[in-house]
Structures are given as C-alpha cells and as structure tokens.
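**Student:** Okay, here's the structure, questions in a sec.
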C-alpha cells in the first residue's frame, strides 16, 4: 500500500530516464512512495536541489502532503523554495484550492491519474517534467520554466524555478507553484454527467 492508499507510509525513490526531441526535453521522476515529511524528502537521492526537474516533482509531492499534514507540507515547500518561504497568503491559497474535496488536483500530475479513475495514480508514482522551446528564455539569469502534465488538463502547467548561483541549487520561484493548483476536469465520482 502506498501514500494514496493510506496516506501514512515511508519513502524510497528512483529517477527515470530522459526523453528528448529537437526543442525540448522531458524527464520522468518516479517515487516508490511519496515523502510525507521534510526528513523523508531530504533522504531522497535528488533532494540535493541540483536537478530542476527533481525539484519540480518534489513540489508536486509536497502539495500532495498538504492534504493530510499541512505543517509537514509547509516545511517541505519552504525547503523547496530555498531563500524564500511560503507566505500566509500562499498557505491560504493552497488551503482554498483543496476546499470542497478538490484534493484530486495535485494527484493528477502522476501517471495513470485520470478523471475516469478519480485521479488515482499508478505505481511507481511517476511525474513527467518537460521543457518547451521557451523554457530557457531567461536561463542566463538563472530561471527555468518547466511544465508538468495533468491527467485532467488539456495543456501542461508551468512551474518557474530559479537557480542559486553560489551553490547551483534550484528552487521553486516565488508563487509559481500556484499554477499547479488550477482547476481541472472533475473526477468521475463527482461528475453528475459521468
């Protein structure tokens, strides 16, 4: 049983391969289970913040934890934001997006999570993080925009990352994570027309 079965397990992980095309790259980040605390997240092999793609996937994990443990999720997000931290407005925004049983929004970024199966992902829990031809428009200034595909949206959602030049670490920039919580198609169990 995993995080989505009982929401209380420990974590291990694996890093997936790279798929590239002429104008973009995509990276699959796979988790055997979802880290449920800052300590569990820091124990992961790529929590060293050197891969912007891993940081993006860890952001999705942290937002999933918000559903069951707000304090742990805030600590995880603050770690992923580096020199910044979540503001009270950010926390209120996340809480608002999960109101009315909308917790499926962040599950939708894992492979296999679709409206038809009420956004229950397949295991291992895999997130694809990709670039497009414009992702590196401000790369020289330390910014990278990556995209995450939701099983309930027609187009991938952007997430901006910023590199700390002195360490090479990547962090979630500002409030760019908010776009990951935008509305998507409702799950079959909540759809009166399904």
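Since every read-out is calculated from the coordinates, none of them should be taken as a lab result. From a predicted model like this one, the values you see are computed outputs, not experimental measurements. Cβ coordinates were reconstructed from backbone atoms using ideal geometry, including for glycine residues, and neighbour counts include every protein chain displayed.
**Student:** I'd like the distance separating the alpha-carbon centroids of the range 85-105 and the range 168-182, in whole Å.
**Tutor:** Between the Cα centres of the range 85-105 and the range 168-182 lies a distance of 14 Å.
**Student:** Quick check of the Kirkwood formula: for the chain, what is the inverse mean of 1/r over all pairs of different Cα atoms, in Å?
**Tutor:** Numbers: mean 1/r = 0.0598 Å⁻¹.
Computed over the chain, the radius equals 16.7 Å.
**Student:** Give, in nm to one decimal, the length gained when the segment between residue 71 and residue 137 is fully stretched (0.36 nm per residue of separation minus the Cα-Cα distance). Spell out each step's value before the answer.
**Tutor:** On the way: separation 66, 0.36 × 66 = 23.76 nm, distance 3.49 nm.
That pair, residue 71 and residue 137, stretches by 20.3 nm at full extension.
**Student:** Next question. Between residue 50 and residue 191, what's the calculated FRET efficiency when r is the beta-carbon distance and R0 is 41 Å? Round to 0.05. Mind showing how you got there, number by number?
**Tutor:** Numbers: r = 41 Å, r/R0 = 1.00.
Result of the calculation: an efficiency of 0.50.
**Student:** I've got another one for you. Residue 175 to residue 25: FRET efficiency via 1/(1 + (r/R0)^6), r the Cβ-Cβ distance, R0 30 Å, to the nearest 0.05?
**Tutor:** Working: r = 25 Å, r/R0 = 0.84.
Once rounded, the FRET efficiency stands at 0.75.
**Student:** Continuing with the same structure: Could the peptides 39-50, 64-75 be put in order, highest first, of the mean number of other beta-carbon atoms found within 10 Å of their residues? Walk me through the intermediate numbers first.
**Tutor:** Working: 39-50: 16.2, 64-75: 18.8.
Packing proxy ranking, top to bottom: 64-75, 39-50.
**Student:** OK, next. Between residue 91 and residue 43, with labels modelled 7 Å along Cα→Cβ, what's the label distance in nm to one decimal, could you check?
**Tutor:** Going from the residue 91 label point to the residue 43 one covers 2.6 nm.
**Student:** Sorting 105, 164 on the 10 Å Cβ count, fewest up front, what's the list? Could you put the intermediate results ahead of the total?
**Tutor:** Details: 105 21, 164 13.
By the 10 Å Cβ count, ascending, the order reads 164, 105.
**Student:** Still on this structure, I have one more. Compute the relative contact order of the chain as a whole-number percentage, counting only Cα pairs closer than 8 Å that sit 6 or more residues apart in sequence. Show your work: numbers first, answer last.
**Tutor:** Values: 370 pairs, mean separation 39.9, N = 194.
Once divided by the residue count of the chain, the mean separation gives 21 percent.
**Student:** Using Cα atoms only, what is the angle between the long axis of helix 52-65 and the major principal axis of the chain, expressed in degrees (0 to 90) to the nearest 10?
**Tutor:** The angle comes out near 30 degrees.
**Student:** Report the full-extension gain for the segment residue 103 to residue 117: residue separation times 0.36 nm, less the Cα-Cα distance, to one decimal in nm. Mind showing how you got there, number by number?
**Tutor:** Working: separation 14, 0.36 × 14 = 5.04 nm, distance 1.41 nm.
Full-extension gain reported as 3.6 nm.
**Student:** Pop a pseudo-label 7 angstrom from the Cα along the beta-carbon direction at both residue 155 and residue 182 and give the gap in nm to one decimal.
**Tutor:** 0.7 nm
**Student:** Going by how many other Cβ atoms sit within 10 Å of their own, how do 150, 123, 51 line up, fewest first?
**Tutor:** 123, 51, 150
**Student:** Pull out a ≥ b ≥ c, the square roots of the eigenvalues of the alpha-carbon gyration tensor of the range 85-158, then state rounded if a/c is under 1.5, prolate if not and a/b is larger than b/c, and oblate in the remaining case. Don't skip to the answer; put the middle values down first.
**Tutor:** Numbers: a/c = 2.50, a/b = 1.25, b/c = 2.01.
It is oblate, given that a/c is not under 1.5 and a/b is not larger than b/c.
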